[in-house]
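Below is one structure, written out as structure tokens; the observations come after it.
The values are calculated or read from the model by the stated rules, or taken from the named source; none is laboratory data. Treat the numbers as computed from the prediction; the structure is a model and nothing was measured. In this analysis, Cβ positions are derived from the backbone assuming ideal geometry, glycine residues included, and neighbour counts consider all displayed protein chains. For the accessible areas, the whole protein counts, side chains as well, though only heavy atoms, and no ligand, DNA or RNA atoms are used. Shrake-Rupley method; radii C 1.70, N 1.55, O 1.52, S 1.80 Å.
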Amino acid sequence: MSTNRTFTMIKPDAVANGHIGAIINDITQAGFKIIALKYTKLTSETAGKFYEVHAERPFYKDLVSFMSLGPIVAAILERENAIEEFRKLIGATNPAEAAEGTIRKKYAKSIEANAVHGSDSDENAQIEGDFFFAENERF
Ligand code: CMP
């Protein structure tokens, strides 16, 4: 059974380019409620751990170094059918393939600097949310 929560990060490229406000606005306008929100920075160690599932992929090393370049915004979001609806809102991983009007189409530059992360399953949303947020940081 699917839950109604997902996890997102606004990545260092979108933060550096001044898109935090616009992206949060897109997310809330799409009907997502913010359950938890944090402005923070990953180290290469914490980024490596967060993306551990991709450790064997050829892009892993670059991904980890990119994700620890600057601050990010982490959030837990709630909406009916959250995983699928959020993935529709952000668009394809590669912004070149993302549909018009999606967050990645509007704010992303490349497959690595792709503006936002969105969980791909209920199980990963739980793991990723727990990575950043204690119980008393969720409302
Ligand atoms: P994200 O949804 O955060 O999950 C893993 C990330 O790896 C992905 O977004 C991309 O930013 C990044 N990445 C870099 N190169 C690739 C690639 N060739 N295929 C898939 N993901 C990639």
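Within segment 19-66, the set of residues being within 20 Å of Arg138 (Cα to Cα), open to solvent by 60 Å² or more (accessible area, probe 1.4 Å) and among the aromatic types (Phe, Trp, Tyr) comprises Tyr39 only.
The numbered conditions (1) assigned to a strand (DSSP E or B); (2) surrounded by 13 or more Cβ atoms within 10 Å (Cβ to Cβ) are all true for Asn124 except (1).
With respect to the stated conditions, Ser119 is within 10 Å of the ligand (Cβ to nearest atom), closer than 23 Å to Thr46 by Cβ, at pLDDT 95 or above and touching a Ser or Thr at 6+ places or on another chain (Cβ under 6 Å).
The set of residues in segment 127-139 that are open to solvent by 50 Å² or more (accessible area, probe 1.4 Å) and within 16 Å of the ligand (Cβ to nearest atom) comprises Ile127, Phe131.
Listed by position, the helices (runs of 4 or more DSSP H) enclosed by segment 1-94 that each have at least 1 residues that are under 14 Å from Glu128 (Cα atoms) and within 13 Å of the ligand (Cβ to nearest atom) are 44-50, 82-90. Across segment 101-116, what is the number of residues that are near the ligand (Cβ under 9 Å from one of its atoms) and open to solvent by 70 Å² or more (accessible area, probe 1.4 Å)? The total comes to 1.
The set of residues in segment 67-91 that are buried (at least 21 other Cβ atoms within 10 Å of the Cβ) and touching a Pro at 6+ places or on another chain (Cβ under 7 Å) comprises Met67, Ile72.
Which numbered condition in (1) under 24 Å from Asn17 (Cβ atoms); (2) touching a residue at least 60 places away in the same chain (Cβ under 8 Å); (3) within 12 Å of the chain's Cα centre (by Cα) is the only one that Gly129 fails? Tallying (1) under 24 Å from Asn17 (Cβ atoms); (2) touching a residue at least 60 places away in the same chain (Cβ under 8 Å); (3) within 12 Å of the chain's Cα centre (by Cα), Gly129 fails exactly one: (1).
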